[in-house]
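Here the structure comes first, spelled out in structure tokens, and everything after it is commentary.
The values are calculated or read from the model by the stated rules, or taken from the named source; none is laboratory data. All values reported here derive from a predicted model rather than from experimental measurement. Cβ sites come from the backbone with ideal geometry, for glycine too, and all protein chains shown count toward neighbours. SASA here: full protein model, heavy atoms, side chains in, ligands and nucleic acids out. Shrake-Rupley method; radii C 1.70, N 1.55, O 1.52, S 1.80 Å.
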Amino acid sequence: MKHSRYFAALALIGLMLGPVVYIIVGGFRTNSQITTDPAGLPDPWVFENYTGVLTGDVFWRQVGNSTIAAVATTAGVVVLGVMASYVLARYRFRGRGAMYALFAAGLMFPATVAITPLYILIKNLGLVNTLPGVILPQIAFGLPTTIIILVPFLRAIPREIEEAAAIDRCSRLGFFWRMVLPLSVPGLITVGILAFVNSWNSYLLPLFILNDQDGFTLPLGVQAFASQYSVDTAKVLAFTSLSMIPALVFFSLFERRIVGGLTGAVKG
């Protein structure tokens, strides 16, 4: 029974990693190799596909755009999320439960439903074809998850600590900076990682907002590159695999942080 569970887990992992491995290895092949033996290994290994992408300016420009959008989105989500979560977790006021429920309902409100009115709003603000036009909606759609995760962290901070800080003449803002933020670091790291990865992989919103290829993020760049080099399958696979690597590495490095942060939120 135990061995069967291990086998099922390995089979599931293989199904998930198989397409990723195929794309990465496919970038080391030629088009003739892919056509002749689609499931075979490179023979010989060809590095020109990857070097061609890495030496061009298109890939690095799109990496820069994705990085700017992801970092700005992460900063906005973390800063606004922790401030809103602090108020919802530590203060009692009329409508607090309704406000928290409103943020929770945001988890069930996908971006696809709001894409048309959102585009009209971005257009009226003059932010079409700009990174801020992508960043601001991503921050808004990232806040529900952030608040749901952070509120239990902040609510679990003992009241005795806040009362002791008040006795020492520490203001509410000082308590927030000196005590709340350090104690909620695991949650902040978790929501920051989730916001970064979601922004990096975002496709639908940039597709509607960005029109100029110079401003494309990587997901849009992959689609544009695949259309431009549709007959060069090996080069498309190389570009696609390179675009996946940053998110995969980032997520793999901070996987334990995400699990630890979510566990703390559930306990809180």
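Rounded, prolate or oblate, given the Cα gyration tensor of the stretch 1-107, with a/c below 1.5 counting as rounded? Before the final figure, lay out each step's value.
Values: a/c = 4.64, a/b = 1.75, b/c = 2.66.
Here the stretch 1-107 falls in the oblate category.
Based on the alpha carbons, how large is the Rg to Rh ratio for the stretch 73-215 when Rh follows Kirkwood?
1.06
Order the following by accessible area, largest value first: 128, 231. Probe radius 1.4 Å; ligands, DNA and RNA are ignored.
Details: 128 40, 231 130 Å².
Ranked list, largest accessible area first: 231, 128.
By how many nm would the segment from residue 58 to residue 4 grow when fully extended, if each residue of separation counts as 0.36 nm and the alpha-carbon distance is taken off? Don't skip to the answer; put the middle values down first.
Working: separation 54, 0.36 × 54 = 19.44 nm, distance 4.69 nm.
Gain in length upon complete extension: 14.8 nm.
Using the Cα gyration tensor of the chain, with a ≥ b ≥ c the square roots of its eigenvalues, what is the shape: rounded (a/c below 1.5), prolate (a/b larger than b/c) or oblate (neither)? Could you put the intermediate results ahead of the total?
On the way: a/c = 2.57, a/b = 1.70, b/c = 1.52.
The shape class here is prolate.
Treating only the Cβ atoms of Lys and Arg (+1) and Asp and Glu (-1) as charged, compute the dipole magnitude of the chain about its Cα centre; round to the nearest 20 debye. Walk me through the numbers before you get to the answer.
Numbers: 18 positive and 12 negative charges, 267 e Å.
The dipole of the chain has a size of about 1280 debye.
Among 185, 27, 137, whose Cα sits farthest toward the positive end of the charge dipole of the chain (+1 at Cβ of Lys/Arg, -1 at Cβ of Asp/Glu, about the Cα centre)?
185
May I ask you to give the percent of accessible area on the chain that is carbon plus sulfur, with a probe radius of 1.4 Å?
On the way: 10590 of 15410 Å².
Ligands and nucleic acids excluded, carbon and sulfur give 69 percent.
Under a crude label model (7 Å from the Cα following the beta-carbon direction), how far is residue 104 from residue 68 in nanometres?
Between residue 104 and residue 68, the label points sit 3.9 nm apart.
Give me the distance in nm between label points sitting 7 Å out from Cα along the Cα-to-Cβ direction at residue 51 and residue 34, one decimal.
Result for the modelled spin labels: 2.0 nm.
Leaving out ligands, DNA and RNA but keeping every protein chain, what accessible area does residue 115 have, in Å² rounded to the nearest 10, with a 1.4 Å probe?
Counting only protein heavy atoms, residue 115 exposes about 20 Å² to solvent.
Roughly how many Å² is the accessible area per residue of the chain, as a whole number, for a 1.4 Å probe?
Working: 15410 Å² over 268 residues.
On a per-residue basis, the chain sits at 57 Å².
List the DSSP H helices in the chain whose Cα atoms stretch 20 Å or more along the helix axis and whose mean Kyte-Doolittle hydropathy is at least -1.0. If you can, show how the numbers build up before the last one.
Values: long enough: 2-26 (35 Å, 1.34); 57-90 (49 Å, 1.02); 131-155 (34 Å, 1.63); 185-200 (22 Å, 1.59); 233-253 (30 Å, 1.64).
Span-like helices here: 2-26, 57-90, 131-155, 185-200, 233-253.
Roughly how much of residue 123 is accessible, in Å² to the nearest 10, using a 1.4 Å probe?
Accessible area, nearest 10 Å²: 130 Å².
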